[in-house]
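Report on one structure; see the data block that follows.
The values are calculated or read from the model by the stated rules, or taken from the named source; none is laboratory data. Since we're looking at a predicted model, the values are computed, not measured. Backbone-built Cβ (ideal geometry, glycine too); neighbour counts: all protein chains shown. For the accessible areas, the whole protein counts, side chains as well, though only heavy atoms, and no ligand, DNA or RNA atoms are used. Shrake-Rupley method; radii C 1.70, N 1.55, O 1.52, S 1.80 Å.
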Amino acid sequence: MNIGWPIGAAVLVAAAGAAWILSAPSPLPRAAIAGAAGDAQAGERVFLAAGCASCHTAPDAEDDGPPVLAGGQRFATSFGTFVAPNISPDPEHGIGAWSDYDIVNAVMRGVSPDGRHYYPALPYAAYNKADPAEMMNLVAYLRTLPASDTPSSAHELGFPFNIRRSLGFWKLLYLRDDWVLQDAPTPELQRGRELVEALAHCGECHTPRNALGGLETGAWLTGAANPSGEGRIPGIAPGTLDWSDGDIAAYLTTGLTPDYDSAGGEMVAVIDKLAQLPPEDIDAIVSYLNAVPSHEDAG
């Protein structure tokens, strides 16, 4: 009797079941935010460091007044075009009906309230290193902002990148909570590490990626190709940037380079928010950039 087909079918079913389990979302333990009330005033500092408005305000948004996080900005990549969603407090089209846990879980683990994976265009691969209490502060601040009833637009992704379940395997490979700079002996360096590696997610743009979109942390902050395919994002690690501490601090607060050029592209919005942080945060970023390993530009 030929039993090869039944055995083969059973193996395929078992493999499919294992793949389904391995690719399942891994949510944040609810205990991680137990007892954290969230402080909106402290959350504004997190909001500025994380640059939420840089991506989630509408392309034609006005600069005056509280930011309206209506979404709509488009980000072209080799995987397709991602469209920033509405994350305003609107209960229907934004996140107003989400629980605090829903929001923190989305930001830190890339998991939606209905249990689906989010794409890492939301930089949860950086935010997952943040202190959950800081993220609760961010949630409290987000709830103070104006609501927008603008519907979110779908991402424009082709096969196979439109299969969200496959992101579970991506997360298994690249979602880590260990620090790149493991040795941070001073409070200033620890704060700089939190800002650069987690909240401000500098590595998401300034570090090269492999073919699957994972960060090549061995070339941390050495510069990378622009995801849009236009130009290159410069390195900011020692050996790729020869600016003084004062030069770096001035750039992060004014957008001006030592040779009197000015920031361009998406960095303009980033600097606009960083410039509103306390001076000690800027100093902490500078200290961190001095402490990471020296490299030559990866390009």
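The figures follow:
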item	result
Qualifying positions in the stretch 214-225 - within 13 Å of SER78 (Cβ to Cβ) and open to solvent by less than 50 Å² (accessible area, probe 1.4 Å)	ALA224
ARG176 being out of contact with any helix residue (DSSP H, G or I) (no Cβ under 9 Å at 6 or more places or on another chain), without any contact (Cβ under 8 Å) to a residue 60 or more places away in the chain and basic (Lys, Arg)	no
Residues (out of contact with any helix residue (DSSP H, G or I) (no Cβ under 8 Å at 6 or more places or on another chain), surrounded by 14 or more Cβ atoms within 10 Å (Cβ to Cβ) and not in a helix (DSSP H, G or I)) located in the stretch 240-263	THR240
Subset tally (residues that are out of contact with any helix residue (DSSP H, G or I) (no Cβ under 6 Å at 6 or more places or on another chain), among the charged types (D, E, K, R), assigned to a helix (DSSP H, G or I) and over 14 Å from GLU188 (Cβ atoms)) for the stretch 264-288	1
Residue tally, condition crowded, with 22+ Cβ neighbours inside 10 Å and farther than 22 Å from ILE271 by Cβ, over the stretch 183-207	0
Selection from the stretch 50-99 of residues that are open to solvent by 20 Å² or more (accessible area, probe 1.4 Å), out of contact with any strand residue (DSSP E or B) (no Cβ under 9 Å at 6 or more places or on another chain), under 24 Å from MET267 (Cβ atoms) and of a type outside the set (Gly, Ala, Ser)	HIS56, THR57, ASP60, GLU62, ASP63, ASP64, PRO66, PRO67, VAL68, THR77, PRO85, ILE87
Filter pass, TYR124 being free of Cβ contacts under 8 Å to residues at least 60 places away in the same chain and buried (at least 19 other Cβ atoms within 10 Å of the Cβ)	yes
Among (1) within 30 Å of ASP64 (Cβ to Cβ); (2) open to solvent by less than 80 Å² (accessible area, probe 1.4 Å), the one test that ASP149 misses	(2)
Residue satisfying all of: in the stretch 142-173; without any contact (Cβ under 8 Å) to a residue 12 or more places away in the chain and of a type in the set (A, V, I, L, M, F, W, C); farthest from GLY94 (Cα to Cα) among these	PHE159
